[in-house]
Amino acid sequence: MTVTAASQGYLLCDGCYRLNHAGPEVLEPTCARCGTALHARKPASLACTWAYLLAAAILYIPANLLPVMDSAKLTILQSDTIWSGAVYLWNEGNRMLSAIVFIASIVIPAVKIVSLGWLLIAAQMRSTHNPLRRARLYRATAYIGRWSMVDIFVGAVLVGLVQFGAFAYVLPGPGAIFFAAVVVLTMLASASFDPRLTWDPLQEEQARER
């Protein structure tokens, strides 16, 4: 059986990431550096992650159906969703920007929701199947979260192009609010999930075999 830090009384602080040692006699251990309460696993990790993830999945629908940008050129009004905006950029020859908008605003949020959902189901079912692959998937999902604001940068560039172009004005639509909420909720879901839950069933299985 593999010896874990928690089994030896070592707990990692979620606030400052200091490794603390707390013996079994300590009822409510706290971090020696910042005073944060220490836990072997994140409290209510699955419940919190499910709540954030389900909210993100629900808001993902209006984020893609509602217009994210309203623009006007003389007397012509135009509303664009994320998809229609990506198609418009593609047709106008801005294929790099179109690909960035499509991947960052449609593909990445969907992949994060599906990936975290699968990790949650596997952890809740106490699955011991291929934990290494699931650990790598979580690391990839957390890494992708760092790029969740790329599309905000693209939007700022587009606004600049529009303001200096032939359009009279451009304003964010209601879809932009829902999309921002999806980005925040998926980041919170990723942060709430405790990847150590992936390995706990394997440790329990090894302990039973001894």
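The values are calculated or read from the model by the stated rules, or taken from the named source; none is laboratory data. Computed from a predicted model, the values in this text were never measured in an experiment. Heads up, the Cβs are rebuilt from the backbone with ideal geometry, glycines too, and the neighbour counts pull from every protein chain shown.
Considering only region 176-194, I want to know if a residue exists there that is modelled with pLDDT under 80, surrounded by 15 or more Cβ atoms within 10 Å (Cβ to Cβ), within 20 Å of A63 (Cβ to Cβ) and touching a Ser or Thr at 6+ places or on another chain (Cβ under 9 Å).
No - not one qualifying residue is present in region 176-194.
Of the residues that make up region 14-33, is at least one small (G, A, S) and closer than 30 Å to W118 by Cβ?
Yes, some residue in region 14-33 is small (G, A, S) and closer than 30 Å to W118 by Cβ.
Filter region 1-55 down to the residues that are of a type in the set (A, V, I, L, M), buried (at least 16 other Cβ atoms within 10 Å of the Cβ), out of contact with any Gly (no Cβ under 9 Å at 6 or more places or on another chain) and closer than 30 Å to V182 by Cβ and list them by number.
L12, L46, A55
Taking the stated definitions as given, is G145 at pLDDT below 85 and surrounded by 13 or more Cβ atoms within 10 Å (Cβ to Cβ)?
Criteria met by G145.
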